[in-house]
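What follows draws every value from the coordinates through simple rules; no lab data is involved. All of these numbers come straight from a predicted model, not from anything done at the bench. Methodologically, a virtual Cβ is constructed for each residue, glycine included, from the backbone with ideal geometry; neighbour enumeration extends over all protein chains shown.
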Amino acid sequence: MVQLRTVLFATISVSVVLAAPQDKRIAQITSDGPAAWADACTSSGGGSKCGDIKQKAASTLLAAGKNCDQQDAADDMVDLSKTLKNANMVRLAQLFVQQPRNAPDKLQVPYCQKAPRNAELSGLFHCQFAGSDFTKFSGDQTGNLPLGVRTVTPPGSCPAKTDGPVPDGIQLNTLVKNPGVSGGESVVNATSTGTVDTSRAPSVVLSPTASATPTAIVAPVTGAKSFTLRMSEKNGKDAQTLNKKFATLSADSTCTTGEDGCINGQFAQCVGGNFAVTGCAGGTKCFALPLVNKAGTSITCSTDADATTRIANTGATGGITGA
């Protein structure tokens, strides 16, 4: 009888463990973090250095990154921005250093405890993702406050987003344009044709309202509608082609450094000839999806239903892979 009760208790215990939530971290598509900076860098003639720095910067957003790796990468971004005399690149680097990092166990990610090389990054620190447990930090508890800061209010906020944390998996630079630096301008402005947005008002409203509707709308030109439809369908078909290709990939597949893709529903980035895989946020998977307002595709995390709808809306048939 005693043995029966012991076995029954053990069975119940195992059932409880298996029923526990499996989603214990908050992730993002890390390559999206420095992507805007890299695009601006390439446009300014930065050459291969842009991709090299982007790759390094993206890796610092992974949960395995050390506390100051992100700031060190942002310093590299600012160094090249100054060399190219591009103030907009400086602004994007200032936003990158405030991008939340992947949160292991959904705990807050500790802050860097050393000063940056560049004055443009002084006083800046990363936001946290909104799904974090704001009562706890991961790591050895040595970076629970940003350098020189007594308290972070509200929890999870940062200079660029003072109203609170960043929604899980979202890039900060899609929510705000102003990095929140004192004085608003970079020292590179005196020799640059680029400009830095000094407005303190939020640049994006998260929940749709009437006031969020753009006030300036470009009038369509003759033939624009038919062109847009053709471009939209091509984007959908290109996304299907990529998704079909991604279905054949595995973690052991060969790749070219800087190449992005999806492997078993997870975002994959090629580093040193091998894919590094990062899981999407809860309930989503990695897909190639069509861009809406211009030619091309993006690799992002979404639900099956949303991905199917977005591709179908382009006029492409056959679902996610075109099969």
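Extent along the principal axes, Cα only, for segment 25-205: 44, 32, 31 Å, with the longest axis given first. Neighbour counts of other Cβ atoms within 10 Å put T256, T60, T308 in the fewest-to-most order T256, T308, T60.
Global dimensions of segment 229-312 from alpha-carbon coordinates: Rg and Dmax equal 12.8, 39 Å.
How charged is the neighbourhood of A312? Take every other residue with its Cβ under 15 Å from the Cβ of A312, and add Lys/Arg as +1 and Asp/Glu as -1. Spelling it out: positives minus negatives among the neighbours equals -1.
For the peptides 136-149, 158-171, residues were scored by their other Cβ atoms within 10 Å and the scores averaged per peptide; the highest-first order is 158-171, 136-149.
Counting Lys and Arg as +1 and Asp and Glu as -1 over every other residue whose Cβ lies under 13 Å from the Cβ of V271, the net charge comes to -1.
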